[in-house]
1. Set the Förster radius R0 to 41 Å, insert the Cβ-Cβ distance between His180 and Ile103 as r into 1/(1 + (r/R0)^6), and round the FRET efficiency to 0.05.
2. Which entries of Lys101/Lys142; Lys98/Lys154; Lys53/Lys78; Lys78/Lys98; Lys68/Lys98; Lys98/Lys155 have Cα-Cα distances beyond 22 Å here?
3. In the range 102-151, which GluC sites (Glu not before Pro) are in a loop and have at most 15 other Cβ atoms within 10 Å, using DSSP for the loop call?
4. For the chain, what does -39500 (n - 2.57) per DSSP helix run (n ≥ 4), summed and divided by total residues, give at 222 nm, in deg cm²/dmol to the nearest 500?
5. Please go through the range 54-110 and write out the GluC sites (Glu not before Pro) that DSSP classes as loop and that have at most 11 other C-beta atoms within 10 Å.
6. Excluding the sites themselves, what is the longest stretch of the chain that contains no trypsin sites (Lys or Arg not before Pro) in a DSSP loop with at most 11 other C-beta atoms within 10 Å?
7. Within 10 Å of each residue's Cβ, count the other Cβ atoms and sort Ser195, Ser151, Ser21 from fewest upward.
8. FRET efficiency for Lys142 and Arg189, Cβ-Cβ distance as r, R0 = 45 Å, nearest 0.05?
Amino acid sequence: MDGGLSHKGEYLRKVFDAIPSMVFLMDRYLNILDLNQAALGFTGADSTGKSIKLCGEIMRCTNAIESKEGCGTTRFCKECVVRNAVGSALQGDTVWRKEFKMILQRDNGTQEVFFLVTASPFEWEESSLVLIVLEDVTELTKLRGIVPICSICKKIRDDHLYWESVEEYIAKRTNLEFSHGICPECMKRYYPEYS
């Protein structure tokens, strides 16, 4: 590749734009300084101007849009995983990954989107910057929320293809405990003499 890097800027731009996940170059104030083609396509941002925008503005976060003061000013901003990822990365965490949900404005209203966020800090020309990668995992997250249940006995199949009762399945995944009773409909159907 000795001749391949002769035009480093153009080469690196092509590599940056070839990444299929959304990539943002951000400063410590959450200003987006640059973004790749995947991010442009998702956000619908203007690629002609190099205007600096805040993350919530360019992603069209409902909290940022609905606030008069904009991104970074709402009570929800303290919980923003992008904001926290940038802060954490700048404090020395080389890679910070977390799945989170954003409610974004779209042409047809709001949309719930799940992202896997990765943040990696670096220094450039005496500035502390963070590379943020957002992978849209909405479909995978929703599929994970689908639980296969037997239509006859109501046992649930887990990730290891083992079938277990609803009570066992829920008890393993939550801190819930079950007690048993009989609903009025079952009482009438199975024990009519007691209803």
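1. 0.60
2. Violating the 22 Å Cα-Cα cut-off are Lys98/Lys154; Lys68/Lys98; Lys98/Lys155.
3. Glu125, Glu126
4. -8000 deg cm²/dmol, from helical runs alone.
5. Counting only loop positions with at most 11 other Cβ atoms within 10 Å, the GluC sites (Glu not before Pro) in the range 54-110 are Glu69.
6. 76-153
7. The fewest-first ordering by Cβ neighbours comes to Ser151, Ser195, Ser21.
8. Plugging the Cβ-Cβ distance into 1/(1 + (r/R0)^6) gives 0.80.
None of the figures in this text is laboratory data; all of them are computed from the coordinates on show. Keep in mind that what you see is a predicted model, and the values were worked out from it rather than measured. For neighbour counting, all protein chains shown are included, and Cβ atoms are generated from backbone atoms with ideal geometry for every residue, glycine included.
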